[in-house]
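Please treat every number below as a calculation from the coordinates, not as lab data. All values reported here derive from a predicted model rather than from experimental measurement. Please note: Cβ atoms are built from the backbone with ideal geometry, for glycine as well, and neighbour counts cover all protein chains shown.
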Amino acid sequence: MQRDSVSTECAAQLEIKAAGEVDVEVDVEVDLAVDLAGDLLRAAFLDSMASNSTSVHVVTTGAGDQRFGVTVSACSSVCADPPMLLVCINTRSPANAAVAANGVFAVNLLNVAQRGIADTFAGRSATAKPFDFSCCTNTAGTLGVPLIDGAVAALECRVVAQQVIGTHTVFFGEVVAVTRAPVTHMPLLYCKRDYGQFLAF
């Protein structure tokens, strides 16, 4: 009787252990499926957003030796009364901390001939030092921030709000001054991971 009881107890423990092992395997498979689904969703999102044509902007802030700039495509008007826009800057970019600290920035809308400037402030220029202002001539604006000469427009802003969302900070800026190029320039566009320009039908 004692031997049978021990055998039954061992068998029950083995069944419990086996069931536990199966549960672990199932959990791993579910986690892998969730990770894969997340990767696929992220890839689909990036590919979809790459199909969205946007203007190319360089956000600048600071003065003298403490100037910072970064190329962004995530820029949008918010309202006209008062004039306000938003820009999204990766939290890892030095320009992010500089804009937050300075409380002012400029959005420079590049023209079609300024692709090299866009690449420089995106950190991927083949010839210029990354993020270096030597790639362009610039003038200090009303708020003291660098305005890139020849840009279609440069909008100087005071930060009125900011919010960290995921990997980026969204800065809301009230526009206090606008500088436009003396001649009409076509804006530089970005779509399908390449540069282009506007063409009317």
* Asked: Sorted from largest down, what three extents in whole angstroms do the Cα atoms of region 125-188 have along their principal axes?
  -> 33, 31, 24
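How charged is the neighbourhood of Asn111? Take every other residue with its Cβ under 13 Å from the Cβ of Asn111, and add Lys/Arg as +1 and Asp/Glu as -1. Mind showing how you got there, number by number?
Values: positive: Arg115, Arg180; negative: Asp149.
Neighbour charge sum, excluding Asn111 itself: +1.
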* Structure fact -> Check: C-alpha center region 129-148 vs C-alpha center region 80-126, spacing in Å is 11 Å
* Structure fact -> Between Glu174 and Ala44, Cβ-based FRET efficiency (R0 35 Å, step 0.05) works out to 0.50
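How do the peptides 72-78, 150-156 rank, highest first, by the average count of neighbouring beta carbon atoms within 10 Å per residue? Working shown, then result.
Working: 72-78: 16.0, 150-156: 22.0.
Descending mean neighbour count gives 150-156, 72-78.
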* Structure fact -> In Å, the C-alpha Rg and Dmax of region 54-197 are 13.8, 42
* Asked: Quick one: if you stick a label point 7 Å off each Cα along the C-beta vector at Thr54 and Met186, how many nm between them?
  -> 2.2 nm
* Residue-count net charge about Thr167 - beta-carbon cut-off 15 Å; Lys, Arg +1, Asp, Glu -1 -> +2
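Arranged from highest to lowest average of other beta-carbon atoms within 10 Å per residue, in what order do the peptides 141-149, 114-122 appear?
Numbers: 141-149: 19.8, 114-122: 21.7.
Going by the mean number of other Cβ atoms within 10 Å, highest first, we get 114-122, 141-149.
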* State, to one decimal in nm, how far the label point of Phe198 lies from the label point of Ala97, with both points 7 Å from Cα in the Cβ direction. => 3.8 nm
